[in-house]
Each structure stands twice: as structure tokens, then as C-alpha cells.
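Student: Just passing along the structure, written as C-alpha cells.
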Amino acid sequence: MISCKGGVGTSFVTANLGDTIARQYGKRVLVVDLSRHFGDLAHIVSDKTPPSTLPDICGQADRMDAALLDACLVHVDNGFDLLAGAADPVQATHIQKEKLEWILSVAQPNYDFILVDMGQNIDPLSISVLDQSERIYVVTEPAVACGRPGRRLLDILHALHYPASKIQLVLNRTGRKSEVPRATMEDIFGMKVAVVLPDDPSAVEEAVSHGEPVGKLSRRSAISRALQGMAAQLAPPPESGRHSKAGAISPLRRLMLRTKST
């Protein structure tokens, strides 16, 4: 998940999508907070104090294994874990590309999905994660202020040679009276909106104020139902045969298996 500007709800969407996938489909999900501006993603869905942050873990990367990583995570619920981000931009400078890649390689065999909140950063660190990603969600709002930066972000992603099939547009907080029409936003961005999430301030504010996933407190709310639809695109029901628990191998694991075999 990457945003064109701050305040469009990228962290909320990332954290609660992770919870929805774990809760609805019984998948193991890790959410990584790579936003480097006072990362607070963990507190959106949990009232637990993170035992470690991503910069802390980078300092221990040379001895990192699955057990140590597990001890550093926020265990929000069954199958849903969080790796907390840097507390401030100064600490964020301690996150190094090679160490982040190693940490993710340690995590990959233990999870069906790894979701990363990229914030607004486009640099060698974020590009290394984007390169490994199966899908890139660009989160924006139907607002004039998001038009120019949103289009510029998409232009940068295309210039980095990510295929159009890998990039999907998420239009968050829709349904407000003053919003720019969806068709206009699609014309500005030069692509269709893949995911529409409604403006649901009462459910969102209640969940964030309690430090709980919105799907846990307000399962039937508009935003919860929309997140369930988004999760269904990533994790189809087991009966579809694509992601059944028995014998299922995640794309990340398949990638690792192919690498080992070669």
C-alpha cells in the first residue's frame, strides 16, 4: 500500500485489510509499517505496546531467525501480526535495504500474506519492497488535492516499469457531498478504480479510539463490508480451490521454492 499524500487513510486500510484477511479466511497475515513519519499503524488495531520496532530489528538482523522475529511482533489476533514502524523520521534512517530484505525473507515462509504500508516514500528502500510485491495498491481520495500527486505517483510507478496489471487504484472515503466524481478521478489518473471504500467516520473513529480492528467492533458497517470485498479479491473462499488450507502454497513460498530449485 502506497499513498500519493498523507492523510488518505493508507495505514488504516493496510492494518484493517490484514485483519479482515486473517479473520475471514483463516490466513496468516503480517502487516509491516514501513511509513517513516511517526509510524503508528500498530496502534490503529491494537492497544499493545510493540516489543520492538522495525529500526530495532534492523539492528539485530545479523542474528535474526523466525523465533526472534516472532518475539518482536505485535500479535493482534490469531493469525494476524504486526511489525511496528519507526517512532520518528530519525529512527527511520536506521532501516537499511539489505537488512529489511533479510527480515522479510525470514518472515515469508511463515505467512500467507505480507502487507506493507509504504507511506509516501519512493526511494531505494521502498523500491526494493515494490519489486518483490505481487500487487501495488495506490491509495487516494476523490479530492482535488489528490489529483496531481496521485497522477505523478502513478507516472513514477510506470517509469519504474511495473506492469499495469500489478498496480491497482484504491479510492478511499467515497460518498461525501464535496467529492470529485469517480469518473473524473479515473480520467485524471488514467486508469480505472479497482477498489472503492466508503466514508464511514463513525465506525472508523470508534475502532481507532479503542485500538481495535473495525471488523471486530463493527462487522456490518459499510467500511467493514467494503474491506471484506477487497480481501475477497486477494483471498478467494477455500472452495474455489485457489487458496485452500490443505496443501496451499503462497506465491511468496512458491517464489522461494523456485529459487532453491534453481
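Student: Output ³J(HN,Hα) for region 118-133: one whole-Hz value per residue in order, computed from phi by the Karplus curve 6.51 cos²θ - 1.76 cosθ + 1.60 with θ = phi - 60°, and x for Gly and Pro.
Tutor: My calculation for region 118-133 gives 7, x, 10, 7, 10, 7, x, 5, 5, 5, 5, 6, 4, 4, 7, 6 Hz in order.
Student: I've got another one for you. Find the eigenvalues of the gyration tensor of the Cα atoms of region 165-211, then list the square roots of 5 times those eigenvalues as equivalent ellipsoid semi-axes, largest first, in whole angstrom.
Tutor: 25, 14, 6
Student: Another question, then. Could you sort out which of K99/K192; K48/K166; K5/K97 sit more than 29 Å apart by Cα distance in this structure?
Tutor: Long pairs (Cα-Cα over 29 Å): K99/K192; K48/K166.
Student: In whole Hz and in residue order, list the ³J(HN,Hα) couplings for region 10-20 that follow from phi through the Karplus curve 6.51 cos²θ - 1.76 cosθ + 1.60, θ = phi - 60°; x for Gly and Pro.
Tutor: Residue by residue, region 10-20 yields 4, 5, 4, 5, 4, 4, 7, 5, x, 4, 5 Hz.
Student: Let me ask you something else. Going by alpha carbons, how many degrees (0 to 90, nearest 10) lie between the helix axis of 97-107 and the longest principal axis of the chain?
Tutor: Here the helix axis deviates by roughly 80 degrees.
Student: Give the shape of region 1-85 as rounded, prolate or oblate, defined through the alpha-carbon gyration tensor: a ≥ b ≥ c are the square roots of its eigenvalues, a/c under 1.5 means rounded, and otherwise the shape is prolate if a/b is larger than b/c and oblate if not.
Tutor: Note, shape of region 1-85 comes out oblate.
Student: Arrange the following residues from fewest to most other Cβ atoms within 10 Å of their Cβ: M64, M118, M230.
Tutor: M64, M230, M118
Student: If you don't mind, there's one more thing I want to ask. How do R36, R151 rank when sorted from fewest to most other Cβ atoms within 10 Å of their own Cβ?
Tutor: Ascending number of Cβ neighbours within 10 Å: R151, R36.
Student: Still on this structure, I have one more. Would you mind getting me the FRET efficiency between A222 and E101? Use the beta-carbon distance for r and R0 = 41 Å, nearest 0.05.
Tutor: 0.60
Student: About the Cα centre, and with charges only on the beta carbon of Lys, Arg (+1) and Asp, Glu (-1), how big is the dipole of region 1-91? Nearest 20 debye, please.
Tutor: Its charge dipole is roughly 280 debye.
Student: Note the angle between two axes, namely the Cα long axis of helix 201-210 and the longest principal axis of the Cα atoms of the chain, as a number of degrees from 0 to 90, rounded to the nearest 10.
Tutor: 30 degrees
Student: Once both axes come from the Cα atoms, what is the angle between helix 251-261 and the longest principal axis of the chain, in degrees from 0 to 90, rounded to 10?
Tutor: With rounding to tens, the tilt is 40 degrees.
Student: Please name which of F38, I95, I21 has its Cα lying farthest along the dipole of region 6-111 towards the positive end, using unit charges on Cβ (Lys, Arg +1; Asp, Glu -1) and the Cα centre as origin.
Tutor: Toward the positive end, the furthest listed residue is I21.
Student: Ok, one more. Using C-alpha positions alone, give me the convex hull volume of region 2-237 per residue in cubic angstrom.
Tutor: 117 Å³
Student: Using the Cα centre as the reference, give the magnitude of the dipole from point charges on the C-beta atoms of region 150-205 (Lys, Arg: +1; Asp, Glu: -1; all else neutral), rounded to the nearest 20 debye.
Tutor: Here region 150-205 has a charge dipole of around 140 debye.
Student: What's the magnitude of the charge dipole for the chain around its Cα centre, counting Lys and Arg as +1 and Asp and Glu as -1 at the beta-carbon? Answer in Debye, nearest 20.
Tutor: 840 debye
Readers should treat all values here as calculations from the given coordinates under stated rules, not as data from a laboratory. Model, not experiment: these values are computed from the prediction. When we count neighbours, we look across all protein chains shown, and the Cβ atoms used for this are built from the backbone with ideal geometry, even at glycine.
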